[in-house]
Amino acid sequence: MLRIAVLASGGGTGLQSILDACESGQIDGKVVLVISNNKDAYALNRAREYEAKAIFIDHRGKTRDAHETEIVRELEAMKIDLTILAGYLRMFTKYFVDKYKNQIINIHPALLPKYGGKGMHGLKVHRAVLDSNEQVSGCSVHFVTEGVDEGPVIARMKVPVKPEDTVETLRERVLAAEHLLLPMVVQWFAQGKVYAENWVPVDMPMT
């Protein structure tokens, strides 16, 4: 059974998709730890309801190294196999990503390498997609490296961009795709199917 940690800064809908998939048997694993840098994050409530360990680790007033040391302590104590960033709005240092190389993944609300990088998160991503008159958007799961959204892409799932779309309607369509793609990729890890070297991104059919 894959021992999973999820880091989230907000509501935790991505976390919920993983919890549900573990409960239904879609993922051969269990979320045993949820960490947030926001004490009011609803993701922590979801973790407690699931009976996973829920930890608030404040980043304020600390160096990045000090903050990451606290996270590492929790990951090691819980013997984590895979760490998932699901709406976690913090960047990690080289020390952290090297320590857990190819063991940390992130979900991003666009088809990387397009519309990624520093500052490209949340509604800003969908606004950029609409402003560029794209006909297709989607989401990507990628390995986490020191560069923001620069890690190798594991899989992408496409959604149509409709003429009448607003930032909010596009966000909801992409979010639905995220909730399909992320548990699928996590199960690939549980099955030992994901490798880092020479991995070719898997492009799923448009939803």
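Tabulate in residue order the Karplus-calculated ³J(HN,Hα) for the stretch 141-152, using 6.51 cos²θ - 1.76 cosθ + 1.60 with θ = phi - 60°, rounded to whole Hz; enter x for Gly and Pro.
10, 9, 5, 8, 10, 5, x, 5, 6, 9, x, x
Using 0.36 nm times the number of residues separating K99 and R48, minus their current alpha carbon distance, what extension gain do you get?
Length gained between K99 and R48: 15.6 nm.
Enumerate the calculated ³J(HN,Hα) couplings along the stretch 99-113 in order (Karplus 6.51 cos²θ - 1.76 cosθ + 1.60, θ = phi - 60°), each rounded to whole Hz, writing x wherever the residue is Gly or Pro.
Once θ is set to phi - 60°, the couplings for the stretch 99-113 become 4, 10, 4, 6, 10, 10, 10, 9, 9, 10, x, 7, 8, 4, x Hz.
Between M1 and M204, what is the FRET efficiency for a Förster distance of 30 Å, r being their Cβ-Cβ separation, to the nearest 0.05?
0.75
For the chain, what is the calculated [θ] at 222 nm in deg cm²/dmol (nearest 500), taking -39500 (n - 2.57) for each run of four or more DSSP H residues and dividing by its residue count?
Here the helix-only value at 222 nm equals -11000 deg cm²/dmol.
Can you give me the relative contact order of the chain as a percent, contacts being Cα pairs under 8 Å and 6 or more apart?
21
What FRET efficiency comes out for the pair Q26/T169, r = Cβ-Cβ distance, R0 = 25 Å, nearest 0.05?
Efficiency, from the Cβ-Cβ distance: 0.40.
With Cβ to Cβ distances under 14 Å as the rule, what net charge do the other residues near L182 carry (K, R +1; D, E -1)?
-1
Within the set of other residues whose C-beta is less than 12 Å from the C-beta of N38, count the net charge using Lys and Arg as +1 and Asp and Glu as -1.
Taking every other residue near N38 into account, the sum is +1.
What number of lysine-lysine pairs in the stretch 106-207 show an alpha-carbon separation below 26 angstrom, given a sequence spacing of 8 or more or placement on distinct chains?
Final tally of qualifying lysine pairs is 8.
Express as a percent, rounded to the nearest 5, the fraction of DSSP beta bridges in the chain (both residues included) that run antiparallel.
That works out to approximately 35 percent antiparallel.
So what are the chain's ellipsoid semi-axes, whole angstrom, largest first, if each one is the square root of 5 times an eigenvalue of the alpha-carbon gyration tensor?
Sorted largest first and rounded, they come to 26, 19, 17 Å.
Given the stretch 1-100 reduced to its alpha-carbon atoms as identical point scatterers, what log10 I(q)/I(0) does the Debye formula return at q = 0.10, 0.15, 0.18 Å⁻¹?
-0.24, -0.55, -0.79
Bear in mind these aren't lab numbers, they're just calculated from the coordinates by the rules spelled out. Note that the structure is a prediction, hence the values are computed from the model and not measured. Backbone-built Cβ (ideal geometry, glycine too); neighbour counts: all protein chains shown.
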